[in-house]
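Chemist: Take a look at the following structure, please.
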Amino acid sequence: MAIKASEEIAEIWKVFKQDQSNQALRNKLIEQYVPLVRYNAERVWAKLPEGVDLNDLISAGVFGLMDAINAFDLERGVKFETYCVPRIRGAMLDELRTMDWVPRLVRSKASKLEAARKAAEAEHGRPPADEEIARKMQLSRKEFDKLKNEANAVGLVSLNKKWYETDSYKDVREVDILEDAKGEDPTKSIQKRDLMRLVTKGLNRNERLIIILYYYEELTMKEIGTTLGLSESRVSQMHSSIVNRLKEQLGRRRPEFA
């Protein structure tokens, strides 16, 4: 599918937002941005255990894309690509939480592992070592370790699931009682924000976005180029120039940090 010129797609957006019941224009927008769905689906899918269907993620992502198209506000001054990706990925994660993808796989592998462990324990009269369980299952150590890791996979749960009811209008959900062991110290967030403000001071819009997207959002140069409508080489060139300028500016201010 050929990517439409920016002027043409901008006109499609303008007309569609005047009449969002126009199915033909909605379909054109979906066709324009559906490569983003596949790209993000493949990135999510690559981190999942075997057995998850990539097409299921893509289907969920398309629904997220459609929601993003409906909700997008042209007046916000944000590129649609930047706006829609969190919604696409969120739709995929919601799908994973509801499709019971891990338990079916995990239960089968975990039950086989547990049966072999019990058989080996009965044979040796003590808790067996991994090597003994592997022999019982006629697996190499590498194959056994892979099976063990997959059997220990953790299923996804919805954080909106009700934990218990209260007398108030608002029920307590899983997310309300879940401890965030990796929670960041609030003072670090403030320091990070102050540092970002210091570093990006004096940069123009594109330069600020390059720094934020590269160092804070951890996007690649190619992804940043797609977001800003620039080539990957141009983003890399601008990044090098920004870094050199920042080194010079911060070098002059070194006494302030002593």
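Every number in this text was worked out from the coordinates using simple rules, so none of it is lab data. Computed from a predicted model, the values in this text were never measured in an experiment. Here Cβ is always computed from backbone atoms with ideal geometry, including for glycine, and neighbour counts include all displayed protein chains.
Chemist: Going highest first, how would you order 135-141, 206-212 by mean Cβ packing within 10 Å? Could the numbers behind the result be given before it?
Modeler: Values: 135-141: 14.3, 206-212: 18.7.
Packing order, densest peptide first, comes out as 206-212, 135-141.
Chemist: Given R₀ = 30 Å, FRET efficiency for ASN149-TYR39 by Cβ-Cβ distance, to 0.05?
Modeler: 0.65
Chemist: Send over the semi-axes of the stretch 6-98's equivalent ellipsoid, whole angstrom and largest first, taken as the square roots of 5 times the C-alpha gyration tensor eigenvalues.
Modeler: 27, 12, 11
Chemist: I would also like to ask the following. Could you calculate the FRET efficiency of LYS201 with GLU232 from 1/(1 + (r/R0)^6), where r is the beta carbon distance between them and R0 is 22 Å, rounded to 0.05?
Modeler: 0.25
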